[in-house]
Amino acid sequence: MDLSTQYLGLDLKNPIVASSSPLTWDLKKAVALQQAGVAAIIMPSLFEEQIENEQAQLDRFIHQQSIGHSETDNFHPQLADYMDYQNKYLSQLELLKGELDIPVIASLNGISEGGWVQNAVDLEQAGADALELNIYYVAANPDETGLQVEQRYLSLFKAIKSQVKLPICVKITHQFSAIGWMVKQLEQAGAAGVSVFNRFYQPDIDLETLHIVPKLELSHSFEALLRIRWVAMLRHHVSLSLAITGGIHTAEDALKGLLAGADITCMCSVLLDQGPQQITRVLEQMSLWMMDKEYESVSQLKGSLSYINAVNPEAFERANYLEIMDSYSRASGVMV
Ligand SMILES: Cc1cc2nc3c(=O)[nH]c(=O)nc-3n(C[C@H](O)[C@H](O)[C@H](O)COP(=O)(O)O)c2cc1C
């Protein structure tokens with residue numbers, strides 16, 4: 001079975017990619033993912049906040065040096081103590097690139113233009129095969145318009161794009177009023193791909209302490225459906241690469257994503273939960289299903305149920321809304 005696919009101009013041996021998580025940082029874990037058959041890894045992100053924080057500390061250091069502190073010099077941090085975060089990331093990228101045979105995609109995570117975007121250059125020089133830009137922006141300010149939010153995405157993307165030749169994928173949220181327009185704008189600005197969709201981690205309220213607590217829940221398969229639907233609707237409007245991230249746990253999830261038109265399907269939660277062997281299982285089951293349905297390759301399968309190819313594409317839109325509501329039946333014994 002030919003499972004190969006192209007993503008961001010890279011030739012991948014299959015469409016299963018491990019998305020950013022602690023698993024794609026550690027060399028041993030990344031090797032285990034590779035042995036299990038994963039086609040590429042996306043490293044955890046280098047975060048704008050941490051880069052800026054480090055830069056601020058460095059600026060303070062330089063300022064203190066220029067003032068001079070003579071006899072207390074020994075008590076002050078040394079220059080090497082700064083820039084640690086970025087250097088660590090670059091060393092880890094170089095290590096992963098040196099040890100793995102599969103492509104390694106680096107990741108930047110931020111929401112605003114600034115000095116931190118220059119890190120893209122270092123990532124390119126350190127050998128990243130591509131770059132994922134995760135714009136994790138919660139549009140909490142009610143005075144900011146939708147257009148301003150979209151411009152923020154585009155400006156940040158363009159600022160990073162102008163630094164490097166690397167293909168860049170933008171990991172976007174589904175919280176746009178016009179997802180298709182946004183993706184087309186990103187494509188016109190030179191994005192090589194988009195990854196749909198970021199999962200926003202929801203803060204919870206602790207009823208004991210009355211504090212707001214961040215909550216990270218792993219995903220469930222049903223979350224893939226939102227992504228599959230949007231990939232199906234986007235596929236014939238754009239020619240950039242499409243990745244699905246969110247809710248891909250099983251071979252069925254991955255197959256549906258590919259049928260809708262995704263070039264790759266990314267896994268994270270299920271790998272944290274079940275380990276790298278899940279990749280091997282998914283690849284085996286995908287091949288079996290494809291043989292059974294007489295598909296010869298992933299290229300043949302990709303997009304065969306996208307909006308323009310599906311027998312009943314209106315089901316991706318609003319058309320069946322009423323029918324779906326009407327078709328709901330209560331469990332017996334509940335509110336007779
Ligand atoms: C523990 C953990 C760490 C993550 N770290 C990052 C990160 O650094 N950058 C990023 O873009 N996404 C990060 N993600 C998001 C995942 O890459 C993925 O997009 C998301 O979990 C949805 O996929 P899933 O349903 O397969 O988990 C992280 C997710 C988890 C659970």
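Quick look at the numbers
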read-out: For Ile212, Ile279, Ile244, order by how many other beta-carbon atoms lie within 10 Å, fewest first; value: Ile212, Ile279, Ile244
read-out: Region 157-230 pair-distance distribution - Cα-Cα, 5 Å bins, rounded %; value: 3, 12, 19, 17, 14, 12, 11, 6, 3, 2, 0
read-out: Full-stretch length increase - Ser112, Ser177 - with 0.36 nm per residue and alpha-carbon distance subtracted; value: 21.3 nm
read-out: Loop sites in region 272-310: GluC sites (Glu not before Pro), DSSP, at most 13 other Cβ within 10 Å; value: Glu294, Glu296
read-out: Translational diffusion coefficient (Stokes-Einstein; Kirkwood radius from C-alpha pairs) of region 216-272 at 20 °C, 1.002 mPa s, in µm²/s; value: 192
read-out: Cα gyration tensor of region 5-327 - equivalent ellipsoid semi-axes, whole Å, descending; value: 37, 24, 20
read-out: Cross-link pairs beyond the 32 Å C-alpha cut-off, checked among Lys165/Lys293; Lys29/Lys161; Lys88/Lys256; Lys161/Lys293; Lys215/Lys293; value: Lys165/Lys293; Lys88/Lys256; Lys161/Lys293; Lys215/Lys293
read-out: Fewest-first ranking of Leu133, Leu154, Leu93, using other Cβ atoms within 10 Å as the exposure measure; value: Leu154, Leu93, Leu133
read-out: Centre separation in Å (Cα based) which lies between region 301-323 and region 102-159; value: 32
read-out: Volume of the Cα convex hull of region 210-314, divided per residue and given in Å³; value: 128
read-out: Electrostatic dipole magnitude of the chain [Cβ: Lys, Arg +1; Asp, Glu -1; Cα centre; debye, to 20]; value: 840
read-out: Linear extension gain, Glu208 paired with Ala140, 0.36 nm per residue minus alpha-carbon span; value: 21.9 nm
read-out: Ranked Tyr137, Tyr321, criterion: other C-beta atoms within 10 Å, fewest first; value: Tyr321, Tyr137
read-out: Under the span-like rule (Cα at least 24 Å along the axis, Kyte-Doolittle mean at least -1.0), DSSP H helices of the chain; value: none
read-out: Contact order relative to length of the chain, as percent, for alpha carbon pairs under 8 angstrom and 6 or more apart; value: 18
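Coordinate-derived values only; no laboratory data. Predicted, not measured: the structure shown is a model, and the values here were computed from it. In this analysis, Cβ positions are derived from the backbone assuming ideal geometry, glycine residues included, and neighbour counts consider all displayed protein chains.
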